[in-house]
Amino acid sequence: MLLFRWAILLLLLVAGVSFAFYVGTGQVRYRRFGWIVLKWTLLAAVGFFAVLIAERAF
């Protein structure tokens, strides 16, 4: 469980750094990469917390 939390945190950090690179350089590839990482990270986080909630409910 701790591993998944750290993975989600690190992926959010990667997305944030990618957006910072986009702001600094103006290159669209950093923004595109940041959105992709953010999208999949949020999907993984929702799935992870859904499993935790379902585990407590049953």
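The values are calculated or read from the model by the stated rules, or taken from the named source; none is laboratory data. Everything quoted here is computed from the prediction, not taken from an experiment. As a convention, Cβ positions derive from the backbone with ideal geometry for all residues, glycine included, and neighbour counts pool all protein chains shown. Each accessible area value is taken on the protein alone, full model and side chains, heavy atoms only, with ligands, DNA and RNA left out. Shrake-Rupley method; radii C 1.70, N 1.55, O 1.52, S 1.80 Å.
So if R0 is 35 Å, what FRET efficiency would residue 27 and residue 4 give, r being the distance between their Cβ atoms, rounded to the nearest 0.05? Kindly include the intermediate steps, with their values, before the conclusion.
Details: r = 31 Å, r/R0 = 0.89.
The formula returns an efficiency of 0.65 here.
With label points built 7 Å along Cα→Cβ from the Cα atoms of residue 55 and residue 42, find their separation and express it in nm.
Simple spin-label model gives 2.4 nm for this pair.
Rolling a 1.4 angstrom probe over the protein heavy atoms, how many square angstrom per residue are accessible across the stretch 10-54?
Working: 3240 Å² over 45 residues.
Normalised by residue count, the accessible surface of the stretch 10-54 is 72 Å².
Nearest 10 degrees is fine. How inclined is helix 2-25 to the longest principal axis of the chain, computing both from alpha carbons?
So the inclination is approximately 20 degrees.
When the accessible area of the chain is computed with all protein chains present and a 1.4 Å probe, what percentage of it is carbon and sulfur?
About 77 percent, which is the carbon plus sulfur part of the accessible surface.
Could you point to the label whose value was computed as volume of the Cα convex hull per residue in Å³ for the structure here, given (1) 70; (2) 53; (3) 80?
(2)
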